[in-house]
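Undergrad: Okay, handing you the structure first.
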Amino acid sequence: MDKLEWPSMAEEMSITEKDCATLLFREVQQFRQPWIWIVLTGTSVTALWAALSPFFLDSDWQDHWVLHIILILFGLIFGIGLPWVFYVTKLVTEIRSDGLVISFYPLLFFPIKIYFKNMQNCTAIKYKPLQEYGGWGVRLGAKGTAYNVSGNRGVQIELINGSKILIGSKKSEVLAATINLIIGSKNSN
């Protein structure tokens, strides 16, 4: 039987940057506005009715089977898939000791990390999601990139390269104050 080998002390002590980062702030937001779910319910019922109605209303549905397959796919995508995506979508904003991390599952495949050294300033703001960014979600607008799921409050971050990022937040004042505290302490060093 082979001898079991333990990792050397250097291997055992190597840890990743993420393991060292301390979580200072975390906010999880989801699409839970009643008006969205009213619209999604109406869309779902209509799509599922369109998908299933030929089986109940059309006696010769076998003659139009391609159309029925298209309607079934439409019903599944808009009747089940779209509500599922809205239900599972989460905007997670984290401030860690090494930077700001934005996750927008499943819309973004990878989290976005912004290091504090790349931030110039941060302000808690009230904004107009429809007028300024075209709505909610991941948005590119004239004022920069926005990550939001609801409301009209957020944090505007200006990076040292001049680009701006808006993060929607129900705790915008706390988020901005925490970022500014870290940016201020990094700049004073």
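Undergrad: Suppose we filter the range 83-97 for residues that are assigned to a strand (DSSP E or B) and open to solvent by 40 Å² or more (accessible area, probe 1.4 Å); how many remain?
TA: 2
Undergrad: Filter the range 41-56 down to residues that are closer than 17 Å to Phe86 by Cα and open to solvent by less than 20 Å² (accessible area, probe 1.4 Å), then give me how many there are.
TA: 2
Undergrad: With respect to Glu132, determine if the residue is surrounded by 14 or more Cβ atoms within 10 Å (Cβ to Cβ), assigned to a strand (DSSP E or B) and among the charged types (D, E, K, R).
TA: Here the answer is no, as Glu132 does not meet what is asked.
Undergrad: Going by the conditions given, is Ile69 modelled with pLDDT under 85, open to solvent by 30 Å² or more (accessible area, probe 1.4 Å) and of a type in the set (A, V, I, L, M)?
TA: Criteria met by Ile69.
Undergrad: Name the residues in the range 80-100 that are touching a helix residue (DSSP H, G or I) at 6+ places or on another chain (Cβ under 7 Å) and among the charged types (D, E, K, R), would you?
TA: Scanning the range 80-100 gives a single hit, Asp98.
Undergrad: Looking at (1) touching a residue at least 60 places away in the same chain (Cβ under 8 Å); (2) of a type in the set (S, T, N, Q); (3) more than 21 Å from Ile179 (Cβ to Cβ), which is the one condition that is false for Ser97?
TA: Unmet condition: (3).
Undergrad: Evaluate the following for Glu173: is it farther than 14 Å from Phe31 by Cα, assigned to a strand (DSSP E or B) and among the charged types (D, E, K, R)? Step through it out loud before you land on a result.
TA: Working: farther than 14 Å from Phe31 by Cα: yes; assigned to a strand (DSSP E or B): no; among the charged types (D, E, K, R): yes.
No: the conditions fail for Glu173.
Undergrad: Next up: Conditions first: (1) at pLDDT 80 or above; (2) open to solvent by less than 60 Å² (accessible area, probe 1.4 Å); (3) among the aliphatic types (A, V, I, L, M); (4) under 21 Å from Tyr147 (Cα atoms). Val28 passes all but one, so which condition is the exception?
TA: (2)
Undergrad: Can Thr145 be described as of a type in the set (Val, Ile, Thr) and surrounded by fewer than 19 Cβ atoms within 10 Å (Cβ to Cβ)?
TA: yes
Undergrad: Another question, then. If you check Val101 against the conditions, is it more than 17 Å from Arg153 (Cα to Cα) and within 13 Å of the chain's Cα centre (by Cα)?
TA: yes
Undergrad: May I ask you to list the residues in the range 116-130 that are aliphatic (A, V, I, L, M) and either touching a helix residue (DSSP H, G or I) at 6+ places or on another chain (Cβ under 9 Å) or under 10 Å from Ser172 (Cα atoms) (or both)?
TA: Met119, Ala124, Ile125
Undergrad: Residues of the range 151-170 being surrounded by fewer than 17 Cβ atoms within 10 Å (Cβ to Cβ) and not in a strand (DSSP E or B), which ones?
TA: Within the range 151-170, Gly151, Asn152, Ile160, Asn161, Gly162, Ser163, Lys170 qualify.
Undergrad: Continuing with the same structure: Which of the residues spanning the range 171-189 are of a type in the set (A, V, I, L, M, F, W, C), within 17 Å of Gln120 (Cα to Cα) and open to solvent by less than 90 Å² (accessible area, probe 1.4 Å)?
TA: Leu175, Ala176, Ala177, Ile179, Ile182, Ile183
The values are calculated or read from the model by the stated rules, or taken from the named source; none is laboratory data. Everything numeric here is computed off the predicted structure, so don't read it as measured data. We place every Cβ from the backbone using ideal geometry, glycine too, and count neighbours over all the protein chains shown. Note: areas computed on protein heavy atoms with side chains; ligands, DNA, RNA excluded. Shrake-Rupley method; radii C 1.70, N 1.55, O 1.52, S 1.80 Å.
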